[in-house]
Amino acid sequence: MQDITKKINGYFLLIFLELLLLVTVYFSTKSSMDLRSFFLINISIILIIICFYLKLPMAIGTSLIFVFLYGSYLIYEAMANTIYESSMYLYIWLIIIPALCLTSSSLGSSILALKDEANSFKNSDYIDPITKFDNKYNFYKHLEGEMALSRRHNLSLTLLIIEIQYFDQLSAIYPKEIVEKVIKHLSESINKITRLEDKKYTLDKGSFAVILPQTTEAGGEVLKNRLKTSLEDINIEIGELNRELNFNFKMSVKEYSKTINESSLDFKAETERNLEYDV
């Protein structure tokens, strides 16, 4: 982000210097503003605004169109012998306006890149970078909404909790990249087995949840067993070796009871209690 900010500051300074050069050349050759100068200055401002929203190739094309039209006009005046001003002032526009177009376009692209980077930082607060699942904040918010929907329309709702056993100890034993590969393998298995409408979350380190709308506990058990089967043997490549790692998973499913007025915290806690009985 700092590099983009430096570019933006540089482009602002460059536009200022280009305009300063134009003004310096103008007042060194003319004492008052004529209609042609007024017209060209307005064109400059309009092109700066337009090129700010254009990508660099389109800005180059726009500046070439100006060079062609203005150059044709100068050739016409030269042939008609109607040029009386200093030639330096006349031809400086052929350099300054394309330069302003390119600088303005580069400035706009840099500001857009800065905006995209800021949005990515904002989104990263809610998305786990490894699993690409939503985080705990979104989990509670979405779970409350699904619980309210279940009560209102009398729909089934099941919660699946997945936990990597002894995650802290395993993180101390295995290198970080190995642990991340295991988590990524888990997230890929969850994505393969769950439906598009199921919502996946990373709760804590080594703890994950899946909200299963319109799913009974029996349906959740089927999904849990399929997921367990896919995770029975995790083989991770470590250099040239292909090793089977000692990562075990506990899973628990619980269907939401619409007759009990419980919060999302209560529902999650009840589901987590069932982890103790998963062997």
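The values are calculated or read from the model by the stated rules, or taken from the named source; none is laboratory data. This one's a predicted model, so the numbers in the text were calculated from it and none came from an experiment. Neighbour counts are summed over all protein chains in view; Cβ atoms, including those assigned to glycine, are modelled from backbone coordinates with ideal geometry. These area figures cover heavy atoms from the full protein model, side chains too; ligands, DNA and RNA do not enter into them. Shrake-Rupley method; radii C 1.70, N 1.55, O 1.52, S 1.80 Å.
Some points to look at:
- Scanning segment 171-199 for residues that are within 23 Å of E146 (Cβ to Cβ) and either of a type outside the set (S, T, N, Q) or assigned to a strand (DSSP E or B) (or both) returns L186, I190, K192, I193, R195, L196, E197, D198, K199.
- Check on K176, within 18 Å of A209 (Cβ to Cβ) and either surrounded by fewer than 15 Cβ atoms within 10 Å (Cβ to Cβ) or modelled with pLDDT under 85 (or both): no
- Counted residues, segment 172-190 - those being over 29 Å from the mean Cα position of the chain (by Cα) and free of Cβ contacts under 8 Å to residues at least 40 places away in the same chain: 2
- For the condition at pLDDT below 90, touching a Lys or Arg at 6+ places or on another chain (Cβ under 9 Å) and among the small types (G, A, S), S106 qualifies.
- Residue ID - nearest to Q165 (Cα to Cα), chosen from residues in segment 249-267 that are open to solvent by less than 50 Å² (accessible area, probe 1.4 Å) and of a type in the set (S, T, N, Q): S252
- Subset of segment 201-219 [in contact with an Asp or Glu (Cβ under 7 Å, 6 or more places away or on another chain) and of a type outside the set (V, I, T)]: Y201, G206, S207, L212, P213, E217
- Segment 157-173, residues that are at pLDDT below 90 and open to solvent by 10 Å² or more (accessible area, probe 1.4 Å): Q165, Y166, F167, D168, Q169, L170, S171, A172, I173
- Going through (1) at pLDDT 85 or above; (2) farther than 22 Å from I130 by Cβ one by one, S189 falls short only on (2).
- Whichever residue in segment 244-271 is assigned to a loop (DSSP other than H, G, I, E, B) and over 21 Å from G206 (Cβ atoms) and, among such residues, is modelled with the highest pLDDT: Y256
- Against the conditions (1) surrounded by 12 or more Cβ atoms within 10 Å (Cβ to Cβ); (2) modelled with pLDDT under 85, M79 satisfies every one except (1).
- Looking only at segment 183-204, residues that are touching a Phe, Trp or Tyr at 6+ places or on another chain (Cβ under 6 Å) and among the basic types (K, R) come to 1 in all.
- Set T202, T215: member being buried (at least 19 other Cβ atoms within 10 Å of the Cβ), part of a loop (DSSP other than H, G, I, E, B) and in contact (Cβ under 8 Å) with a residue 24 or more places away in the chain: T215
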